[in-house]
Amino acid sequence: MFFAVISIFPEMFCAISDYGVVGRALKNQQATLQLINPRDFTNDNYRRIDERPFGGGPGMVMMAQPLEKAILYAKELALAAGCDVAGGGCPVVYLSPQGRTLTESMVADMPKLDGMILLCGRYEGIDERLLQRYVELEISIGDYVLTGGELPAMVLMDSVIRRLPAVMSDEASAQQDSFVDGLLDCPHYTKPLDFHGDMVPEVLLSGHHANIAKWRFLQQVKRTQLRRPDLWRAFVPTKQQAKWLKDLESLD
Ligand SMILES: Nc1nonc1C(=O)N1CCN(Cc2ccccn2)CC1
């Protein structure tokens, strides 16, 4: 999967390119990351990418022209990488608090794309005319304000790349993640057996895989009912899960 990031701070992206599952995926070329600095597309000696806002007010606004040239260059790279740019296979995505809040179900659909061009804003924002002309999808990572779009872009790429086929070391672990089956994750335990007198639940030491699966699911249910009643209300159990839930009701 092809990713191009347009940012005045490309160095920030070593945080995902140099570490962990995503770093390995990029190293193994299971995903590619092109970093594009709009300053390289300016015409003046000061490499200006921002200007004071028309109408006055605080701060600076990112200018349309350098970003337009950076986007057009990113589209060229996407085409060269085999992306169906004209067919919507590699949308321009703008990270901003005004966007649609990112959810796991949105992330689940993204590996179907050939790629994404991620536009990272700074300052007070980006000239609206650039956004209207080029942005196909606006995404927020949550209702809080950061200093720029770089961290949201890394959050988005991390959540998508980890779901690419063969990236997750164990497909099952991806399925057990929170939200993937619509529930929060179950508790996890490892060595030592005794941690300040807190022991590991017996069922996890039993080797009885069916009982372990049932216990983990019921733990997910309890945790979701307690912490995210909104997710619990929307949850639709499988046949097997519905049987286990009957046992939970009989326990209550
Ligand atoms: N929350 C978020 N989820 O995605 N992005 C954010 C986020 O807070 N930011 C900070 C402001 N940046 C620049 C900006 C300023 C004003 C209007 C639009 N853009 C974008 C990225």
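The values are calculated or read from the model by the stated rules, or taken from the named source; none is laboratory data. A quick note: this is a predicted structure, and the numbers were derived from the prediction, not measured. Neighbour counts run over all protein chains shown; Cβ positions are idealised from the backbone, glycine included.
Key figures for this structure:
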| item | result |
| --- | --- |
| Qualifying helices (runs of 4 or more DSSP H) (wholly inside the range 133-249; at least 2 residues being within 16 Å of the ligand (Cβ to nearest atom)) | 150-161 |
| Checklist (1) without any contact (Cβ under 8 Å) to a residue 60 or more places away in the chain; (2) over 30 Å from Pro237 (Cα atoms); (3) surrounded by fewer than 21 Cβ atoms within 10 Å (Cβ to Cβ) applied to Gly142, failing item | (2) |
| Number of the exception - Glu124 against (1) crowded, with 16+ Cβ neighbours inside 10 Å; (2) farther than 19 Å from Leu102 by Cβ; (3) near the ligand (Cβ under 7 Å from one of its atoms) | (1) |
| Which listed residue is surrounded by fewer than 16 Cβ atoms within 10 Å (Cβ to Cβ) and modelled with pLDDT of 95 or more, from Asp40, Asp44 | Asp40 |
| Sole exception among (1) buried (at least 22 other Cβ atoms within 10 Å of the Cβ); (2) away from the ligand (no atom under 16 Å from the Cβ) for Leu118, by number | (2) |
| Condition met for Gly99 (free of Cβ contacts under 8 Å to residues at least 12 places away in the same chain and in the same structural domain as Arg122 (by TED's automatic domain parsing)) | no |
| Which numbered condition Ala78 fails, given (1) small (Gly, Ala, Ser); (2) closer than 18 Å to Ser96 by Cα; (3) touching a Cys at 6+ places or on another chain (Cβ under 9 Å) | (2) |
| Enumeration of residues in the range 113-131 that are within 28 Å of Thr32 (Cβ to Cβ) and either in contact with a helix residue (DSSP H, G or I) (Cβ under 7 Å, 6 or more places away or on another chain) or in a strand (DSSP E or B) (or both) | Gly115, Met116, Ile117, Leu118, Leu119, Cys120, Ile126, Leu130 |
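The rows are residues; the columns are (1) over 22 Å from the mean Cα position of the chain (by Cα); (2) farther than 25 Å from Ile141 by Cα; (3) of a type in the set (Lys, Arg); (4) surrounded by fewer than 18 Cβ atoms within 10 Å (Cβ to Cβ).
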position: Arg48; (1), (2), (3), (4): yes, yes, yes, yes
position: Glu51; (1), (2), (3), (4): yes, yes, no, yes
position: Met63; (1), (2), (3), (4): yes, no, no, yes
position: Glu68; (1), (2), (3), (4): yes, no, no, yes
position: Leu72; (1), (2), (3), (4): yes, yes, no, yes
position: Gly82; (1), (2), (3), (4): yes, yes, no, yes
position: Val85; (1), (2), (3), (4): no, no, no, no
position: Tyr94; (1), (2), (3), (4): no, no, no, no
